[in-house]
1. Among the residues of the range 5-20, write down those that are open to solvent by 80 Å² or more (accessible area, probe 1.4 Å) and at pLDDT below 75.
2. Considering each residue of the range 22-68, count those that are of a type in the set (Asp, Glu) and under 15 Å from Gly209 (Cβ atoms), and give that number.
3. Return yes when Gln181 is over 18 Å from the mean Cα position of the chain (by Cα) and either at pLDDT 90 or above or small (Gly, Ala, Ser) (or both) and no when it is not.
4. Filter the range 125-140 down to residues that are in contact with a Pro (Cβ under 8 Å, 6 or more places away or on another chain) and either open to solvent by 70 Å² or more (accessible area, probe 1.4 Å) or closer than 19 Å to Gly56 by Cα (or both), then give me how many there are.
5. Please verify whether Gly23 is at pLDDT below 75, of a type in the set (Gly, Ala, Ser) and surrounded by 15 or more Cβ atoms within 10 Å (Cβ to Cβ), treating the condition exactly as stated.
Amino acid sequence: GMYKGYALSQLFNQIRRVQELDGSTGAKAWYAVSTFVQLTIMGAFALQAKEILTKGRDPRPMDDHKFWYAAALQGGGVGIFGDFFSASTSRAGGGFAETLAGPVAGLVGDVTRAVGSNVARMDEGKDPLIGRDVANLGRRYNPAATFWPTRMALDRMVWDQLQQLIDPEAEDQWRQFEKRQKKEYGNQSWWRRGDPLPRRAPDLGNVVGAK
């Protein structure tokens, strides 16, 4: 609540400041627009840094309206709740109620979904994907999961390798995700899922348009 409430309080404080400004409507509008533009630019930097440093992907093309929409949400004080303007789940895969309730409810929800999905697969005559769920739970809830300097390396060198061993469909899932990422957002992984070491450096030129 402290972390999520801080971002929202900053947003509402800026709205209140605009309302309390002395002067014409034009001056208030200029302050509001300039603040929004600055926050959006900072949101764009944060968005690209996350793509490169924590997700192992090239920066997203910045000539796409979807990028600037995401940047506005990222920098506009909405934070994690911005996901729910365009999707039904959070970045970690949880729903809106779980995000509000916090990480304990998120863990319960993830375990419940894992059990339910595997029961459904077995009911359909398919093999359960218990290995994938074990690897993903470890990936999300290990003590270093939120420490960004080592998070990506830990994902690729530990959790991806574990998932490859216990999830027979891991590589197919990663290939499908890579295709979807390229189609929807215009970027690809410079450190691919399942690779213990990166094959190349990030393609910074991708910011001017997907190749």
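1. Of everything in the range 5-20, just one residue is open to solvent by 80 Å² or more (accessible area, probe 1.4 Å) and at pLDDT below 75, namely Tyr6.
2. 3
3. no
4. 1
5. No.
The values are calculated or read from the model by the stated rules, or taken from the named source; none is laboratory data. The structure displayed is predicted, hence computed values, not measured ones. Cβ coordinates were reconstructed from backbone atoms using ideal geometry, including for glycine residues, and neighbour counts include every protein chain displayed. Remember, those area values only see protein heavy atoms, side chains included, never the ligands or the DNA or RNA. Shrake-Rupley method; radii C 1.70, N 1.55, O 1.52, S 1.80 Å.
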